[in-house]
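> First the structure, then my questions, so here it is.
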Amino acid sequence: MAERFVFPIDAALAQRLLGFALERGGEYADLYFEYRQGADFVLEEERVKTVGRGVTMGLGVRVLRGDATGYAYTEELSFERMAQAARTAAQIASGGPTVAPVDVAVATGAPSFYPVELPTLEAAPEGKLELLRRADRAARASDPRIVKVEASLTEEVKDVLVITSDGIFVEDRQPLMRFGVRAVAEDGTKRQSGSSGGGGRFGLEYFGAGPDDARSPEAHGREAARVALAMLDARDAPAGEMEVVLAPGDSGILLHEAIGHGLEADFARKRTSNYSDRIGERVASDLCTVVDDGTIGHSRGSINVDDEGQVGQKNVLIEGGRLVDYMHDRLSARHFRRGPSGNGRRQSFRHMPLPRMTNTCLLAGPHGPDEILASVKRGVLAKRFSGGQVNISNGDFVFSLTEGYLIEDGRITAPLKGVNLIGNGPDVLTKVTMLGADFALSDGIWTCGKDGQSVPVGVGTPTVKIAAITVGGTRAS
């Protein structure tokens, strides 16, 4: 992997900076150093469209006093600029007793959930472009109706160092890679697109041993073409309330958006979440257990340590239908008198940490996927999602499908286009009537936005049968 960046700071200098941050009466302070290397490659119409590379680095300083937060950052890691950032953040406090920082000690024995075998940044660009060409060739070879293909690869390695006034001094190296293919199919006047992608906290070992590997560029190219071709024959979606079956894996994005955000503790602390003040209450079907797990090996949302220096954890949020906990950062954990949950995350050194999801999953149930499908008289199978809108405060959502199918008398009968799912996340979770034993984790494609910040996340779910969701289509059901 690319050579590790050595941050220009030791324990003694950290003590000085933390002292500046606390000199006006702050109760707690932390330093977040970041050095990020990244590159992106795009192939379109069999031609190289983009080859880019970039480096960013900086320090963010946070000071807490009560519920108030002071934050400042610098992109220059000279002593003078770091000290200025610390003293700027300190201005959130205005007098009061000064808290001295605890002596910091370098953490040892931290977990490693994403060891990399074949670092991407060390590989020559030609090899990465060949991965894109392999996907392109496989998609085009699937069918002569595939008329356009775009393939992309993004990669980064982020080194972070977190130092806190209560004694944490911990480093982490966070690889991240995403591969994607989009194919367009045409047949007469009909035109449809399909996509496939994956990745996570991997190096080039993600792609497996050869073209028949499920994660190979060829496999992604063929899958993008399959979806595009299937949708050429899609019917207009029915409209009305009906049963919906969520396919395993990527369907977890509905759980993430419509339910997961409401379980982030800053919303509960401010009482703007549908789940505020409901710990111990039944909030879902008895079948449902929801976890947020930052410890899944190589998953896109996994973290050895969060951006407050806390070790990544597996947290049970809903157990057997009952709400048992929220996801916390330092502020919310103190408010709810809980221990850290490893969910304090930020986009970069320019941003303050917030309670954020890592890999949010609905765990497996007792039913077979074929049994679930056979139980549906008339409904929709949701396989792939695109954009959606969610009201975080109450969980109301509208999601669009890029791949969906009509289910009639227990059988998949036709692809559908123009499918929108309209509902309320907390309400939907109470309408889960069957839950598959076929849990699957998404293959490393999702990014979550909140308060202007984006972080990589994972989602996962088994096959799920929901008794009723409003389907927004163009044809009466």
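The values are calculated or read from the model by the stated rules, or taken from the named source; none is laboratory data. Since the model is a prediction, treat every value here as computed from it, not as a measurement. Note that each Cβ is placed from the backbone with ideal geometry, even for glycine, and that neighbours are counted across all protein chains shown.
> Would you point out which residue out of Gly240, Gly208, Gly249 is on the phi > 0 side of the Ramachandran plot and without any contact (Cβ under 8 Å) to a residue 12 or more places away in the chain? Before you say what the answer is, go through the steps one by one.
Numbers: Gly240 fails: without any contact (Cβ under 8 Å) to a residue 12 or more places away in the chain; Gly249 fails: without any contact (Cβ under 8 Å) to a residue 12 or more places away in the chain.
Matching residue, one of Gly240, Gly208, Gly249: Gly208.
> (1) in contact (Cβ under 8 Å) with a residue 60 or more places away in the chain; (2) in the same structural domain as Gly344 (by TED's automatic domain parsing); (3) assigned to a loop (DSSP other than H, G, I, E, B): which one isn't true of Asp277, the others all being true?
(1)
> Tally time: how many residues in region 73-90 are surrounded by 20 or more Cβ atoms within 10 Å (Cβ to Cβ) and free of Cβ contacts under 8 Å to residues at least 40 places away in the same chain? Give the steps one after another, and end with the answer.
So in region 73-90, the residues surrounded by 20 or more Cβ atoms within 10 Å (Cβ to Cβ) come out as 73-74, 82, 85-86, 89-90.
Going one step further and asking which of them are free of Cβ contacts under 8 Å to residues at least 40 places away in the same chain, we end up with 74, 85.
The total comes to 2.
> Every residue in region 211-236 that is touching a residue at least 40 places away in the same chain (Cβ under 8 Å), outside any helix (DSSP H, G or I) and acidic (Asp, Glu), please.
Asp233, Asp236, listed by residue number.
> Looking only at residues in region 125-155 that are touching a residue at least 60 places away in the same chain (Cβ under 8 Å) and among the acidic types (Asp, Glu), which one is farthest from Glu45 (Cα to Cα)?
Across region 125-155, the extreme among qualifying residues is Glu155.
> Still on this structure, I have one more. Counting only residues that are of a type in the set (Gly, Ala, Ser) and in contact with a Gly (Cβ under 8 Å, 6 or more places away or on another chain), which one in region 394-429 is farthest from Lys450 (Cα to Cα)? Quick ask: steps written out before the conclusion?
As a first pass, look at region 394-429 and keep what is of a type in the set (Gly, Ala, Ser): 395, 400, 404, 410, 414, 418, 423, 425.
Filter again for in contact with a Gly (Cβ under 8 Å, 6 or more places away or on another chain), leaving 395, 400, 418, 425.
Values: Gly395: 14, Ser400: 20, Gly418: 27, Gly425: 17 Å.
Taking the candidates together, the pick is Gly418.
> Further question on the same structure: Of everything in region 298-341, what is among the small types (Gly, Ala, Ser) and surrounded by 23 or more Cβ atoms within 10 Å (Cβ to Cβ)? Give them in sequence order. I'd like the intermediate steps shown before the answer.
Going through region 298-341, the residues among the small types (Gly, Ala, Ser) turn out to be 299, 301-302, 309, 312, 320-321, 332-333, 339, 341.
Once the filter is applied, which keeps residues that are among the small types (Gly, Ala, Ser) and surrounded by 23 or more Cβ atoms within 10 Å (Cβ to Cβ), region 298-341 yields Ser299, Gly301, Ser302, Gly309, Gly312, Ser332, Ser341.
> Quick check on region 188-222: of everything there that is buried (at least 22 other Cβ atoms within 10 Å of the Cβ) and out of contact with any helix residue (DSSP H, G or I) (no Cβ under 9 Å at 6 or more places or on another chain), which residue is nearest to Pro415 (Cα to Cα)?
Ranking the candidates gives Tyr206 first.
> To continue, here is another question. Filter region 342-384 for residues that are of a type in the set (Gly, Ala, Ser), more than 15 Å from Gly449 (Cα to Cα) and buried (at least 24 other Cβ atoms within 10 Å of the Cβ) and give the result.
Narrowing region 342-384 to residues of a type in the set (Gly, Ala, Ser): 342, 344, 348, 364-365, 368, 374-375, 379, 382.
Filter again for more than 15 Å from Gly449 (Cα to Cα), leaving 342, 364-365, 368, 374-375, 379, 382.
Passing the criteria: Gly342, Gly379, Ala382.
> Output the residues belonging to region 17-66 that are under 26 Å from the mean Cα position of the chain (by Cα) and aliphatic (A, V, I, L, M).
Leu31, Ala39, Val42, Leu43, Val51, Val55, Met57, Leu59, Val61
> Let me ask something else. In region 24-33, is there at least one residue being in a strand (DSSP E or B), touching a residue at least 40 places away in the same chain (Cβ under 8 Å) and under 22 Å from Leu121 (Cα atoms)? I'd like the intermediate steps shown before the answer.
Taking region 24-33 first, the residues in a strand (DSSP E or B) are 28-33.
Right, trim to touching a residue at least 40 places away in the same chain (Cβ under 8 Å) and you get 28-33.
Subset that is under 22 Å from Leu121 (Cα atoms): 33.
So far as region 24-33 goes, yes, one or more of its residues are in a strand (DSSP E or B), touching a residue at least 40 places away in the same chain (Cβ under 8 Å) and under 22 Å from Leu121 (Cα atoms).
> So, in region 20-41, how many residues would count as being within 16 Å of Arg4 (Cα to Cα) and of a type in the set (A, V, I, L, M)? Even if it seems obvious, please write down each step before you answer.
First, the residues of region 20-41 that are within 16 Å of Arg4 (Cα to Cα): 33-38.
Checking the rest, the ones that are also of a type in the set (A, V, I, L, M) come to none.
Counting residues in region 20-41 that are within 16 Å of Arg4 (Cα to Cα) and of a type in the set (A, V, I, L, M) gives 0.
> May I pose another question? Applying the selection to region 213-269, what residues are farther than 29 Å from Glu371 by Cβ and among the small types (Gly, Ala, Ser)?
Once the filter is applied, which keeps residues that are farther than 29 Å from Glu371 by Cβ and among the small types (Gly, Ala, Ser), region 213-269 yields Ser216, Gly221, Ala224, Ala225, Ala228, Gly262, Ala265, Ala268.
> For region 185-205: of the residues being assigned to a loop (DSSP other than H, G, I, E, B) and either under 30 Å from Arg173 (Cα atoms) or in contact (Cβ under 8 Å) with a residue 60 or more places away in the chain (or both), which is farthest from the chain's Cα centre (by Cα)? Quick ask: steps written out before the conclusion?
To start, the set of residues in region 185-205 that are assigned to a loop (DSSP other than H, G, I, E, B) comprises 188-189, 201-203.
Checking the rest, the ones that are also either under 30 Å from Arg173 (Cα atoms) or in contact (Cβ under 8 Å) with a residue 60 or more places away in the chain (or both) come to 201-203.
Values: Arg201: 12, Phe202: 15, Gly203: 18 Å.
The extreme case among them is Gly203.
> Further, regarding this structure: Considering only region 408-439, state which residues are in contact (Cβ under 8 Å) with a residue 60 or more places away in the chain and more than 20 Å from Ser285 (Cβ to Cβ).
Of region 408-439, the ones in contact (Cβ under 8 Å) with a residue 60 or more places away in the chain are 414-421, 423-426, 428-439.
Listed by number, the residues that qualify are Ala414, Pro415, Leu416, Lys417, Gly418, Val419, Asn420.
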